[in-house]
Structure formats: C-alpha cells, structure tokens
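Just below is one structure, and these are the notes that go with it.
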Amino acid sequence: MTALTPVTTARLPDLGPGPELGNSRWLNTDLSLRLADRRGQVVGLEMWTFGCINCQHVIPSVKQWHAAYKEQGFVPIGNHHPEFSYEQDLGNLKQAVCRPELTTPWRRTTPGQPGVRTEPTTGPRCI
C-alpha cells in the first residue's frame, strides 16, 4: 500500500473578475456565453488552434474533466485563436469543432481584434 501525499492549498491573490468574452459568434451552442453569468463556477478556457496537434491532444482531457466535475460547476469553453490563414476561415473552424464528440461551446477570436489578449497554448486556463 502506498502512502498518500497530504493535500496542501495555495494562497492565490484575488485578481478580480476575468475580462468578459467580447465576441458574438459561438459554435456548438445556441447561447451567447458570458463570464458574468458564470460567476462562482470554474470556467476552463481552452486556448486552442485546430491546426495544432498538441491542442488536439488536450481535448480528451478537457472532456474527462467536464464529465468528472460538471456537477460541481465546471464549465469548459473552447477559445479558437487562429495562428495560420486557413484557421481563420469560419468554414474550416466549423468542420474542426462541430463534431458529435466535441460538445464544448467554442468561441472564435481574430488576431488583432480589439480587446483580444490571448495567445495560443495547450491546456485550460481557469478564471
């Protein structure tokens, strides 16, 4: 039998509410998602580009986290921030994310869009 490591908590500063998701185009949902409507929940923003293999490999983990923690309020939101010109095409993005196995709502940002301060990365960022 292995010994369990005691759980410790980290003291993190309160940085206030996250900036609102300022877009109107959503995929995989009929709702316009606002962070203000999700206060008190853990929102995982999956920063992603569909042409990135590492980003694609993270999707199963996000699905597992959602399945495990949705009853406790975990809400994953995919944020597609295109890196290449073919990723900026809405038809290509729809083909990449509007599949039965991807149920996460997705938003699209555009490089240089006012108010967008994101960089493509793998793994969720909780706000």
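The values are calculated or read from the model by the stated rules, or taken from the named source; none is laboratory data. Keep in mind that what you see is a predicted model, and the values were worked out from it rather than measured. Glycine also receives a Cβ, built like all others from the backbone with ideal geometry; neighbour counts cover every protein chain displayed.
When the range 42-82 is filtered for residues that are buried (at least 16 other Cβ atoms within 10 Å of the Cβ) and assigned to a loop (DSSP other than H, G, I, E, B), the ones remaining, listed by number, are Thr49, Phe50, Cys52, Phe74, His81, Pro82. For the range 86-99, check the following and say yes or no: at least one residue is part of a loop (DSSP other than H, G, I, E, B) and either aromatic (Phe, Trp, Tyr) or modelled with pLDDT under 85 (or both). Checking the range 86-99: at least one residue is part of a loop (DSSP other than H, G, I, E, B) and either aromatic (Phe, Trp, Tyr) or modelled with pLDDT under 85 (or both). Of the numbered criteria (1) more than 19 Å from Thr103 (Cα to Cα); (2) touching a Pro at 6+ places or on another chain (Cβ under 7 Å), the one Thr49 fails is (1). Basic (Lys, Arg) and modelled with pLDDT of 75 or more: is that true of Arg125 in this structure? Against the criterion (basic (Lys, Arg) and modelled with pLDDT of 75 or more), Arg125 does not qualify.
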